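What follows is a single structure, written as C-alpha cells, with notes after it.
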Amino acid sequence: MTIVSYSIEGRRDYGFVIDKSELIPRYFVEDILKERLPRDLKRFLVDSELVDLVKASPESVRVETIPLSSVHLEPPIKNPGKIVRMALNYIDHVEELGASPPEEIVFFLKPSTSLVGPMDPIVKPKIVKKLDYEGELAVVIGIKAKDLEPDEAYFHVFGYTVLNDVTARDFQFRDGLWRGWTMSKCFDTFAPLGPWIVSRDEIEDPHNLRIITKVNKEIRQNSNTSRMIFKIPEIISYVSQIMTLEPGDIIATGTPAGVGHVREEWLLKEGDIVEVWIENIKAIRNQVLKTD
Ligand code: MG
C-alpha cells in the first residue's frame, strides 16, 4: 500500500497510489468499502484492521482515480509528534568525515514546522551561508512504541518514506565552534518529505535499498541502506526506551557519504534542484529558493 497526502485548492486529504501515477482519494475508498476512514492519517495508520481492509481491496476501488500530476503533493505526515534524526549512521559518511564510528546511538529532534512537500521549495534564509543536503530513508511509526526490544520493533513500523535533512552547516559549526544539530536543521522548509509512504510489507528489506542524491542531475550521494551502522530495529528499541513513539512519528535514519560539508563547492545555491531517490519508494525533488 502506498499512501499519499495531497491538496486540491488548499483542501488537504490523503489517498492511495496506484501505478505510481494515479491516486484513489480516501473518501472514494470509503464509499466503496462502506467504512469510515479517519480524516487524520495518523488515526488511519494505527487502525490495523482498517489498513488490512483497504489493502485487500485495491482492485475493487480502482474505478475512479485522480492523476497525481493534477494535485499538490503534501508531506505524507503533516504534524508528526516528532521527527527523530540519527547522527553519523552510515559507515561511508563516517569515513568521509574522518571520524570513528559511534559506539552508541546519538539522535536529535527536528521540528514539524521544518516539513514541506516532496516537490516544494527549500527556502534559504538570508542568514544561512552554507546550505547542505542529506538524503535519508525515513521510518514512519504506525503503532505506539515504548520500551521495545529490537525484535519487536518492525511491528510498530507502518512504512517508509524519503527525507532530505537539509542543514545550515554554518549553524552547526561557526569559527570551529560546535553550535549543535538542532539550530542547524530546524529552519522552516528544511525537511522535504515524501513523495508518499510505502507500507512495510512492500519493502522486503529496508537495509538493502539504493539511495541516491542528485543536485542539478549530478550524482552526489550514491550508497545503500545496508551501510547503516545502527539498523532500524536497534534505533527504534533505543529511542523507545527514552520516549514513547507515537503513530505518525518519523525517524530519519542518517545520511550516506557525499554531503557538501566536506566539499564546499557542493553546498547548495539558489536555483539548485536537489533530488533524493530511494529504491522502491521514489524521489523527492526540491528547488532552493532564497528569501526576499
Ligand atoms: Mg541527517
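The values are calculated or read from the model by the stated rules, or taken from the named source; none is laboratory data. Nothing here was measured: the structure is a model prediction, and the numbers come from that model. Note that we place each Cβ from the backbone using ideal geometry, even for glycine, and neighbour counts take in every protein chain shown.
Overview of values
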read-out	value
Residue list for the stretch 248-267, filter: over 24 Å from G159 (Cα atoms) and either within 11 Å of the ligand (Cβ to nearest atom) or surrounded by 24 or more Cβ atoms within 10 Å (Cβ to Cβ) (or both)	G258, V259, H261
Strands (runs of 3 or more DSSP E) completely within the stretch 186-266 that count 2 or more residues being assigned by TED's automatic domain parsing to the domain that holds F173 and under 23 Å from V17 (Cβ atoms)	191-199, 210-215, 250-252
Checklist (1) closer than 28 Å to L41 by Cα; (2) surrounded by 19 or more Cβ atoms within 10 Å (Cβ to Cβ) applied to T244, failing item	(2)
Residue that is surrounded by the fewest Cβ atoms within 10 Å (Cβ to Cβ), among those in the stretch 126-154 that are within 16 Å of the ligand (Cβ to nearest atom) and more than 23 Å from H207 (Cβ to Cβ)	K130
Every pair of residues 6+ apart whose Cβ atoms lie under 7 Å, when the first sits in the stretch 106-124 and is closer than 12 Å to V166 by Cβ and buried (at least 22 other Cβ atoms within 10 Å of the Cβ) while the second is at pLDDT 95 or above and hydroxyl-bearing (S, T, Y)	V116/T189; I122/T189
Candidates P38, P25 - the one that is outside the structural domain of S199 (by TED's automatic domain parsing) and touching a residue at least 40 places away in the same chain (Cβ under 8 Å)	P25
Residue in the stretch 40-63 that is at pLDDT 95 or above and surrounded by fewer than 13 Cβ atoms within 10 Å (Cβ to Cβ) present	no
Breaking point among (1) within 16 Å of the ligand (Cβ to nearest atom); (2) in a strand (DSSP E or B), for V123	(1)
Residues located in the stretch 129-175, provided they are assigned to a loop (DSSP other than H, G, I, E, B) and β-branched (V, I, T)	I143, V166
Which numbered condition S69 misses (of (1) closer than 16 Å to P118 by Cα; (2) polar (S, T, N, Q); (3) part of a loop (DSSP other than H, G, I, E, B))	(3)
Selection from the stretch 155-183 of residues that are among the small types (G, A, S) and either buried (at least 24 other Cβ atoms within 10 Å of the Cβ) or away from the ligand (no atom under 13 Å from the Cβ) (or both)	G159, G176, G180
